[in-house]
Amino acid sequence: MDHLIDNILFAIVLFAGVSFFILNVKKLVRNIKLGKSVNRYDNSKARWKNMALIALGQQKMVRRPVAGILHIFVYVGFIIINIEVLEIIIDGLFNTHRVFSFLGTLYNFLIGSFEILAFLVIVAVVVFWIRRNIVRLQRFWKPEMKGWPKNDGNIILYFEMVLMTLFLTMNAADYAIQHGHFTENHHYAIAGAFPISSYISNLFSTMNYGSLVIIERVCWWLHIVGILVFLNYLYYSKHLHILLAFPNTYFANLEPKGKFTNVEAVTNEVKLMMDPDADPFATSEDEGEPEKFGASDVTDLNWVQLLNSYTCTECGRCTSECPANQTGKALSPRKIMMDTRDRLEEVGNSINKNNGEFVDDGKTLLNDYISKEEIWACTSCNACVEACPVNIDPLSIITEMRRYLVMEESAAPTELNNMMTNIENNGAPWPYNQMDRLNWKEEA
Amino acid sequence: MSNNTLYVPTMAELMASGKTPEVLFWVGCAGSFDDRAKKITKAFVKILNNANINFAVLGTEESCTGDPAKRAGNEFLFQMQAMTNIEVLNAYEVKKVVTTCPHCFNTLKNEYPSLGGNYEVVHHTQFLNDLLKEGKLTVEGGTYKGKKITFHDPCYLGRANNVYEAPRLLIQKLEAELIEMKNCKQKGLCCGAGGSQMFKESEKGTKDINVERTEQALETKPEIIAAGCPFCNTMLTDGVKAKEKEDTVKVYDIAELISNANNL
């Protein structure tokens, strides 16, 4: 009967863990849908290709080889070891032990490779921890990385270390039981290859059957519960990229990076202004509020930009490539993404608390999170977009905020206003006469 | 064949005599008004004249593409400029445009089509490569043979439009020694002028971007820093002055290098 209680308990834990995660995913999807519509469903062939190369194939990660290769260890480890999680779930629900062991040699190969990957994950995670905390790579110590973002990064690394250690210790105990010739052993058949944990099992050589089973069971439970906790930690951490990198690369912009969107509402107005036959008193088709130009808050951004913000894992490659940031300006593209997400969460929480309605809190993404100084420091050079391993586009958010500042608030820096006045009056950003445009020809 | 008279027909003149050029040379505001950039314009025209290219400019009918307004967030002004220019370009039935400015190049190529302006738009480094391939242009190695040249990728040519090889192929034709900066191509650092920064003071920081980029260029110990953008050119020239290297390191546009090499 003992095991039946175990199985029921496991089913409850599993159900609770998965349900709570689904609840948060629903919140996440709802929040992303607060964004404006943008068509990213075209050209599915190119989109699948991007996803395959950039998310699945880690193409942009390996541009920085050290971090890139270590990341591949953790990434492949994460994906492959999930096969083991499937076995754990079946074992947990149906009181089997190593249910896939009927696969024989293939099973040995699988368990063997999980072990090697688990070991590589530990190595990679330790190096990552050293890079963050001992070597103190600059990009992990920027102002926006103080407090929670810094702790979050470390917590994730600790999680991974503990999970992998539990997995290997569990296998080590299992190995010790399998090869221990215990007369009371009827449950643990010889199965699996243990290239790493067989070394750990040396520590258990003097233990009796009962103690080994306890170690094996405790590690088994902590490992699977740990995975469920980690799954639910994702929503509260920067670590959502392990899931969102895939849709994020799929829905990423496919146009040349230099091509900024042409605002359609503006096109209509400009056409009206330039058309001598247009009736200035004609009402537009859709009555109601005139469209707001640009973005001052998250709901003015499109849903892909909001998806971007949840996908960002705060690696800081964007910021380390940003010319403004490199030369000490306040702008950090990573902070733009972190602020967007924080504000979106704030808006989402307000919706949760107020029966599905957002109650104006007098705050906006622009000014309360992102300053004008940051917005105006951008050179629109696209280094951040190019650097992002999962194709996040901070520049498009900066551009929308500039549009809001200029077209809704007339709040451009004075020099830019002068430049724009020149363009309006003389067709050049400097105060030269358009009639002098060809003078260079005579100056040979 | 060095001669100082440039042949620069305008679209209006050609149209009046019933001719259509193969290509419109979009000079741009910098190329028309900025003293340093005008030299690039003239160098490019010399190459065009020498290769007997049937081209024209808009002259006084050309107006800012609207790029700096768009990057600053003024979509109204950008689209006003764009639609005005498109009316002119379409009236002349322009099919192909070449420009020495990557900002004009990007805007005309990417942002004009959805407003009704559909042209084949090429950067002058691409155009010159095509001339080489067609045998209309040859590049003399002599002047720059063995000289150390580093190339600064303009953001709006490189990352924005993935044009990295065209300028490099031309430098190699000069038989010069092309030395890459640590940050080049996709990882090239901006000169600091993009996104309308050319027209304003930079925000508070610890350093000017153009000085940072110039330092990266100087690390390669170049004799020449080659550029492909009038704004980059200005920023790097200022950077070289700030580092007091103007006597030993020159900043040239690729068009100037070819024009000089060919003694035009």
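Pairs needed: first member in region A:417-444, more than 8 Å from chain B (Cβ to nearest Cβ) and free of Cβ contacts under 8 Å to residues at least 40 places away in the same chain; second member anywhere, assigned to a helix (DSSP H, G or I) and not aromatic (Phe, Trp, Tyr); C-beta distance under 7 Å; at least 6 residues apart or different chains.
From region A:417-444, the pairs are A:Asn426/A:Gln434; A:Pro431/A:Asn422; A:Asn433/A:Asn426.
Hey, does region B:171-182 have a residue that's within 18 Å of the chain's Cα centre (by Cα), closer than 30 Å to B:Arg71 by Cα and not in a loop (DSSP other than H, G, I, E, B)?
No, region B:171-182 has no match at all.
Output yes when any residue across region B:61-69 is assigned to a loop (DSSP other than H, G, I, E, B), under 20 Å from the mean Cα position of the chain (by Cα), within 14 Å of chain A (Cβ to nearest Cβ) and on the phi > 0 side of the Ramachandran plot, and no when none is. Spell out how you get there, then give the answer.
Within region B:61-69, the subset assigned to a loop (DSSP other than H, G, I, E, B) is B:62-66.
Right, trim to under 20 Å from the mean Cα position of the chain (by Cα) and you get B:62-66.
Imposing the further condition that a residue be within 14 Å of chain A (Cβ to nearest Cβ) reduces the set to B:62-66.
Going one step further and asking which of them are on the phi > 0 side of the Ramachandran plot, we end up with B:66.
Yes: region B:61-69 contains one or more residues that are assigned to a loop (DSSP other than H, G, I, E, B), under 20 Å from the mean Cα position of the chain (by Cα), within 14 Å of chain A (Cβ to nearest Cβ) and on the phi > 0 side of the Ramachandran plot.
Going through region B:183-226 one residue at a time, which ones are assigned to a loop (DSSP other than H, G, I, E, B) and without any contact (Cβ under 8 Å) to a residue 24 or more places away in the chain?
Selection gives B:Lys200, B:Glu201, B:Ser202, B:Glu203, B:Lys204, B:Gly205, B:Thr206, B:Lys207.
For B:Asn260, work out the one condition from (1) surrounded by fewer than 17 Cβ atoms within 10 Å (Cβ to Cβ); (2) touching a Ser or Thr at 6+ places or on another chain (Cβ under 9 Å); (3) without any contact (Cβ under 8 Å) to a residue 40 or more places away in the chain it doesn't fulfil.
(3)
For region A:402-416, which positions are part of a helix (DSSP H, G or I) and within 8 Å of chain B (Cβ to nearest Cβ)?
Once the filter is applied, which keeps residues that are part of a helix (DSSP H, G or I) and within 8 Å of chain B (Cβ to nearest Cβ), region A:402-416 yields A:Arg402, A:Arg403, A:Tyr404, A:Leu405, A:Val406, A:Met407, A:Glu415, A:Leu416.
Do you know which residues across region A:174-212 are more than 19 Å from A:Ile111 (Cβ to Cβ) and either in contact (Cβ under 8 Å) with a residue 40 or more places away in the chain or among the polar types (S, T, N, Q) (or both)? Let's see the steps before the verdict.
Step one: filter region A:174-212 for residues more than 19 Å from A:Ile111 (Cβ to Cβ), giving A:181-184, A:186, A:203, A:205-211.
Within region A:174-212, A:Thr183, A:Ser205, A:Thr206, A:Asn208, A:Ser211 qualify.
Which number in (1) assigned by TED's automatic domain parsing to the domain that holds B:Glu93; (2) surrounded by fewer than 24 Cβ atoms within 10 Å (Cβ to Cβ) marks the one condition that B:Asn183 misses?
(1)
Results for (1) buried (at least 20 other Cβ atoms within 10 Å of the Cβ); (2) modelled with pLDDT under 95; (3) within 9 Å of chain A (Cβ to nearest Cβ); (4) part of a helix (DSSP H, G or I), shown as yes or no for each residue.
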| site | (1), (2), (3), (4) |
| --- | --- |
| B:Gln79 | yes, no, yes, yes |
| B:Leu89 | yes, no, no, yes |
| B:Val97 | yes, no, no, no |
| B:Lys109 | yes, no, yes, yes |
| B:Asn118 | no, no, no, no |
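Pairs only if they're at least six apart or on different chains, beta carbon under 7 angstrom, first in region B:155-172 and within 14 Å of chain A (Cβ to nearest Cβ), second of a type in the set (S, T, N, Q) and assigned to a helix (DSSP H, G or I); list them, first residue then second.
Pairs that qualify, where the first residue is within 14 Å of chain A (Cβ to nearest Cβ) and the partner is of a type in the set (S, T, N, Q) and assigned to a helix (DSSP H, G or I), are B:Tyr156/B:Asn106; B:Arg159/B:Gln186; B:Ala160/B:Asn106; B:Asn161/B:Asn106; B:Val163/B:Gln126.
Among the numbered criteria (1) farther than 23 Å from B:Asn85 by Cβ; (2) surrounded by 22 or more Cβ atoms within 10 Å (Cβ to Cβ); (3) polar (S, T, N, Q), which one does B:Ser32 miss?
Result: B:Ser32 passes all but (1).
When region B:227-257 is examined, which residues are found to be in contact (Cβ under 8 Å) with a residue 12 or more places away in the chain, surrounded by fewer than 21 Cβ atoms within 10 Å (Cβ to Cβ), in a helix (DSSP H, G or I) and not polar (S, T, N, Q)?
B:Asp238, B:Ala242
Please find, among A:Leu70, A:Leu56, A:Leu86, the residue that is within 19 Å of A:Ser113 (Cβ to Cβ), under 16 Å from the mean Cα position of the chain (by Cα) and either in the same structural domain as A:Val390 (by TED's automatic domain parsing) or modelled with pLDDT of 90 or more (or both).
A:Leu56
Just wondering, is there one or more residues in region A:391-399 that are surrounded by 23 or more Cβ atoms within 10 Å (Cβ to Cβ), out of contact with any helix residue (DSSP H, G or I) (no Cβ under 7 Å at 6 or more places or on another chain) and modelled with pLDDT of 95 or more?
Yes: region A:391-399 contains one or more residues that are surrounded by 23 or more Cβ atoms within 10 Å (Cβ to Cβ), out of contact with any helix residue (DSSP H, G or I) (no Cβ under 7 Å at 6 or more places or on another chain) and modelled with pLDDT of 95 or more.
Out of region A:401-444, which residues are at positive phi and crowded, with 20+ Cβ neighbours inside 10 Å?
Answer for region A:401-444, where residues must be at positive phi and crowded, with 20+ Cβ neighbours inside 10 Å: just A:Gly427.
Anything in region A:198-220 that is of a type in the set (D, E, K, R) and surrounded by fewer than 19 Cβ atoms within 10 Å (Cβ to Cβ)? List them, or say none. Spell out the reasoning first.
Filtering region A:198-220 down to residues of a type in the set (D, E, K, R) leaves A:216-217.
Answer for region A:198-220, where residues must be of a type in the set (D, E, K, R) and surrounded by fewer than 19 Cβ atoms within 10 Å (Cβ to Cβ): just A:Arg217.
Checking the structure you have, find out if any residue of region A:228-248 is within 14 Å of chain B (Cβ to nearest Cβ) and free of Cβ contacts under 8 Å to residues at least 60 places away in the same chain.
There is no residue in region A:228-248 that is within 14 Å of chain B (Cβ to nearest Cβ) and free of Cβ contacts under 8 Å to residues at least 60 places away in the same chain.
Just to be sure, is B:Leu189 surrounded by fewer than 19 Cβ atoms within 10 Å (Cβ to Cβ), of a type in the set (A, V, I, L, M, F, W, C) and in the same structural domain as B:Asp238 (by TED's automatic domain parsing)?
Values: surrounded by fewer than 19 Cβ atoms within 10 Å (Cβ to Cβ): no; of a type in the set (A, V, I, L, M, F, W, C): yes; in the same structural domain as B:Asp238 (by TED's automatic domain parsing): yes.
So B:Leu189 does not fit the description; no.
Would you mind telling me which numbered condition in (1) surrounded by fewer than 16 Cβ atoms within 10 Å (Cβ to Cβ); (2) part of a helix (DSSP H, G or I); (3) modelled with pLDDT of 95 or more; (4) not small (Gly, Ala, Ser) A:Leu272 fails?
(3)
Out of A:Val123, A:Val99, which single residue is touching a residue at least 40 places away in the same chain (Cβ under 8 Å) and under 29 Å from A:Val218 (Cα atoms)?
A:Val123
Being in contact with a Leu (Cβ under 7 Å, 6 or more places away or on another chain) and either at pLDDT 95 or above or not assigned by TED's automatic domain parsing to the domain that holds B:Cys155 (or both): is that true of B:Lys46 here?
yes
The values are calculated or read from the model by the stated rules, or taken from the named source; none is laboratory data. On a predicted model such as this, the values are computed, not experimentally measured, just so you know. Using ideal geometry, Cβ is built from the backbone for each residue, glycine included, and neighbour counts are taken over all protein chains shown.
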